[in-house]
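Shown next, in structure tokens, is the structure this report addresses.
The values are calculated or read from the model by the stated rules, or taken from the named source; none is laboratory data. All figures in this text were calculated on a predicted structure; none of them were measured in a lab. Counting neighbours? That spans all protein chains shown, and the Cβs are built from the backbone with ideal geometry, glycine included. All accessible areas refer to the heavy atoms of the entire protein, side chains included, with ligands and DNA or RNA removed. Shrake-Rupley method; radii C 1.70, N 1.55, O 1.52, S 1.80 Å.
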Amino acid sequence: MKLAILALCAASAAAFAPAKVAQTSTALNAFENELGAQVPLGFYDPLGLVADGNQANFDRLRYVEIKHGRVAMLAIAGYLTTLAGVRLPGNISYDGTQFSDIPAGFGALSKIPDAGLFQLFAFIGFLEVFVMKDSANGAAPGAFVGDF
């Protein structure tokens with residue numbers, strides 16, 4: 001009985017011993033020193049989007065991630081503003097629909113006239129193609145002035 005208890009204690013202690021991990025060399029080691037690579041994961045790319053180590057592709061994905069994060073922050077600020085009841089004065093269309101008649105959130109999509117939705121999406125497309133460029137602030141592509 002004592003021998004069985006001693007064997008169980010030894011086995012459970014071995015479960016908490018650190019395992020030997022083989023050191024592998026991959027193309028992902030090219031990004032181990034980039035901002036955001038942290039211990040214990042290091043550079044984490046579960047989908048393998050930059051598994052080939054392509055620096056240009058990595059810089060493009062980093063730029064897109066930052067841009068989408070900024071757009072999401074603006075969207076939240078706009079949603080909270082309209083949820084608080086702040087609206088533009090006047091009419092949104094010629095049929096007399098006022099900005100104050102438009103609800104906050106996704107409910108607004110069914111209340112905004114079709115021409116207004118077209119203008120909204122056309123303006124967003126214009127910004128995406130002509131304004132929100134990688135080097136829109138005059139910096140070199142991939143350089144994010146003012147960011148960490």
First in the range 92-117 and over 16 Å from L80 (Cβ atoms), second anywhere and among the acidic types (D, E), Cβ under 8 Å, 6 or more apart: I92/D101; K111/D101; P113/D95
Mind listing whichever residues of the range 100-115 are part of a helix (DSSP H, G or I) and open to solvent by 40 Å² or more (accessible area, probe 1.4 Å)? S100, D101, L109, S110, K111, D114, A115
Which residues, counting only those in the range 80-99, are assigned to a loop (DSSP other than H, G, I, E, B), open to solvent by less than 100 Å² (accessible area, probe 1.4 Å) and on the phi < 0 side of the Ramachandran plot? A84, V86, R87, I92, S93, T97
Could you grab the pairs with beta carbons closer than 6 Å, sequence gap of 6+ or different chains, first residue in the range 43-66 and at positive phi and in a loop (DSSP other than H, G, I, E, B), second one of a type in the set (A, V, I, L, M) and modelled with pLDDT under 85? G53/A27; G53/A30
Filtering the range 62-79 for residues that are open to solvent by 70 Å² or more (accessible area, probe 1.4 Å) and within 16 Å of M132 (Cα to Cα) leaves a count of 5
